[in-house]
Structures are given as structure tokens and as C-alpha cells.
Amino acid sequence: MRFIHTADWQIGKPFKQFGDRESVLRQARLVAIENIGRLAAKEGAAHVLVAGDVYDTEAPTPRTLLEPLERMRRFSDVQWHMLPGNHDPHRPKGVWDRVLESGPPANVHLHLKPEPVDFGPGAMLLPAPLTRKTEGADLTEWMDRAETPLGAIRVGVAHGSVVGFGSGGEATNPIDPRRPALARLDYLALGDWHRTIQIGPSVWYSGTPEPDRAGGQEAGQALVVEIPGPGAPANVTSHKVGSYRWLTIEDQLSDAGELEDLETRLRGLPDLSSTILRLWLKGSLQLTGRAELDRRLLGIGAAMFHLDVDDTGLAIRPSAADLELIDFGGVLRHAADRLKAVAEDAAVGPVEKRRAEDALVQLFVMAVGTGA
């Protein structure tokens, strides 16, 4: 059998930090569903298995509730299987009761109980739905005792973490990575981690189909899983289904001559207009170099969907020539000298030091401009 494994759609997730562009990223999560549907059709996969967190909250707006259902409705030849996760657990009168009341499409199946269900010819699905945000027990344990027809392919689906299993009961929503062996599973589809990662021979996290944070998954993925028969190894391939790339890059600067190379590398990134980049800058620059850096980053940021620069590790080291460009004497030079003294004073705290450096840069740009 062949199916798509995905998870962590988190439809309705807010992106307040992007201001008026928030709606673009929210819409991208719906586009990812359509991309998954097209992938299923292309790969001949009759089923899509969503391992939890279809919604970002337990109380989506009426429109948000229906948006993913309507996307899935369009792919009527594909059977979509939904599992409650920690963001959208199944509670009385909760989000999944609302979905049922809305009259979901006939090709959308909600797995709200831990019981075996048909998963295509010769296969059974063993779901472990969450009924609250955190569980101390392993909800996949019931799969060990689950009875299925002789010779059926057994596929488990759960939402939680294999990390810290057995660590004194401190882990929440724990999943034993040995579950496939204990429960005779041919595949265990997991959600919760937003990175595509293989835990064992037949245990995978699909990752999120549309990334949502820097330092996480770079591009949205879904997994095509093919199981030739019961007991046969699963063949798993990853496919890009997301629209936006979230990158984190760290760079060390010590000279203005390095800025052209930095700009060339950043402009050379693929899919620049759909890239969300967190740029960590460390090292030190003179005032002329810092002003040039800001000028270059302004242009690079305009070419990207979003550029977030963390320059708290980048110190400003004004040279004598920098200060002379501001003024040889007078009020501006006096102010620059005082700010320089504060920035270089070892007794000054990091916050005050940073304020002095920022003020020095602003003073330089005001007096000299950005093209010095």
C-alpha cells in the first residue's frame, strides 16, 4: 500500500510579527494542503494520514474550522485521515465535535477513539488520539493488544515525543520508540516535532508541511510511504510541499571588505522572494562598515519575504577616521567621543553599551550619510 504521512498543519496559526503580511503565511498553510493532495494524486496514494495538530487551537473561528475541510473536499479521490493532537485535542464540545456538526466531506475521516479501523484493502490503522494537551502515559500502548485480521498491514499514528521516554515520568505525551516491535506495526506515523526525522526503521516524524519558525524545518515536507506487505520494510521518501523557506544563518564580520561577500551569498540563496531569514551577526565593524552593512541589508531585505537581523553580537569599533568624518570638533564630535567612551567602558552594562553603539551609528549616518 502507498499513503502520504503528514502532520502539524496548525491551520489558523498567527504570525503577528509579520504585520500586514500575516495573512500571506496563514494562507500558505492552506496551499500546503492542496500541494499534499496533488502529491497524493501524482504518487497514486489513496490515503493521506495527518498525525495530529490539524488546527492551531481548540477554538478556531468558524471560517478557520472549515478552510482545511474545503481544501480536502476538492481531492475527492483521496481519503484524508485526521488525528487530534496537543493543539487540537478531542474534548466534549471541542473542535472535533464542531467538525462533525459541520458535516465534513465524505472523504475526511476523524479518528477520535483508540480502536482499529480500515485503512484501505489489507491494511488497518491504529490511532492514538489525544483527549487533552498533555498526557503522562504512552497512549500508543493499546496498540500492543490490538487485534487485526491475519496478514493485515498495521499502521500506527500518534502525536507526541519519543524523547525522554522513561525519564521518571516527566515527559508529556511520551511515545515508546519500541512500539513498532511491541505492537507488530509495519509503520508508526508521528506528529509533534516540526522536523522531518526518522526515529527507527519504521518510525518517522513527517515534519510540518509549512514551516513556522526560524531554526526549525527549512522547507515544508510530506512523506510518501510505501509498504509492500505485512512485515516488509517501509520505503519512505520526502517531498517538498511548502511555499516558504525559513533559514537561520550566522556570520562573523571583522572588516567592511567582507560585506560584499556576505551580500553575494545572501542574494545567491534560492527562492529569495519566498525566504524568511534570521541572520545572526557577530564580530565587530568600524562606523563606516556598519553604515555600509545597514545599506546592503536594506536592499537584501527588500528582495526577501522577510529578513530578521540579530546584531546583538556585532560590536561597533569607531576609528579615528570615523570620528573625523562626523566632525573635527564641536558639538557633534563631542557627542561622538562621549558615546565612544561609553561603548568601550568595561564597567558599563551590555544594555547601556548597546544603546551607546546604536546612537553612535545614528549620529554617523545623520552626519555623513549611508554612502561614506
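The values are calculated or read from the model by the stated rules, or taken from the named source; none is laboratory data. Just so you know, these numbers come straight off a predicted model, no measurement behind them. Neighbour counts run over all protein chains shown; Cβ positions are idealised from the backbone, glycine included. In case anyone asks, the SASA skips ligands and DNA or RNA and just uses the protein heavy atoms, side chains included. Shrake-Rupley method; radii C 1.70, N 1.55, O 1.52, S 1.80 Å.
Summary of computed values
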{"item": "Local electrostatic count at Asn86 - Lys and Arg +1, Asp and Glu -1, tallied over other residues with Cβ under 13 Å", "result": "-4"}
{"item": "Directionally averaged shadow of the chain, computed from the convex hull of its alpha-carbon atoms, nm²", "result": "22.6 nm²"}
{"item": "Distance in nm between pseudo-label sites at Thr61 and Val348 (7 Å out along the Cβ direction from Cα)", "result": "4.7 nm"}
{"item": "Antiparallel DSSP beta bridges within the chain, percent to nearest 5", "result": "25 percent"}
{"item": "Accessible-area value, Thr237, 1.4 Å probe, nucleic acids and ligands omitted, Å²", "result": "60 Å²"}
{"item": "Largest-first principal axis extents, alpha carbons of the range 94-134, Å", "result": "33, 28, 10"}
{"item": "Percent of C-alpha pairs per 5 Å bin, the range 170-264, short to long", "result": "3, 12, 17, 15, 14, 12, 9, 6, 5, 4, 2, 1, 0"}
{"item": "Residue-averaged [θ]222 nm for the chain, counting only DSSP H segments that reach four residues, each worth -39500 (n - 2.57)", "result": "-9500 deg cm²/dmol"}
{"item": "Angle between the chain longest axis and helix 330-344 axis [Cα atoms, degrees, rounded to 10]", "result": "50 degrees"}
{"item": "Nearest-0.05 FRET efficiency for Ala359 and Arg132, computed from C-beta distance (R0 56 Å)", "result": "0.65"}
{"item": "Per-peptide average of other Cβ atoms within 10 Å, ordering 50-63, 75-88 highest first", "result": "75-88, 50-63"}
{"item": "Under Karplus coefficients 6.51, -1.76 and 1.60, residue-wise ³J(HN,Hα) of the range 221-229 in Hz, glycine/proline x", "result": "10, 9, 10, 9, 10, 10, 10, x, x"}
{"item": "Alpha-carbon spread of the range 15-86, three principal axes, descending order, Å", "result": "39, 23, 19"}
{"item": "Shape category assigned to the range 1-148 from the gyration tensor of Cα positions, a/c cut at 1.5", "result": "oblate"}
{"item": "Descending Cα extents along the principal axes, the range 111-157, whole Å", "result": "34, 18, 11"}
{"item": "Assigned charges on the beta-carbon of Lys, Arg, Asp, Glu; the chain dipole about Cα centre (debye)", "result": "800 debye"}
{"item": "By accessible area with a 1.4 Å probe, ligands and nucleic acids excluded, highest first: order of Ser238, Ser273", "result": "Ser273, Ser238"}
{"item": "Gain upon complete extension [Glu115, Thr248; 0.36 nm per residue less C-alpha separation]", "result": "43.7 nm"}
{"item": "Karplus (6.51, -1.76, 1.60) ³J(HN,Hα), θ = phi - 60°, over the range 48-53, in Hz, Gly and Pro reported as x", "result": "10, 10, 9, 8, x, 6"}
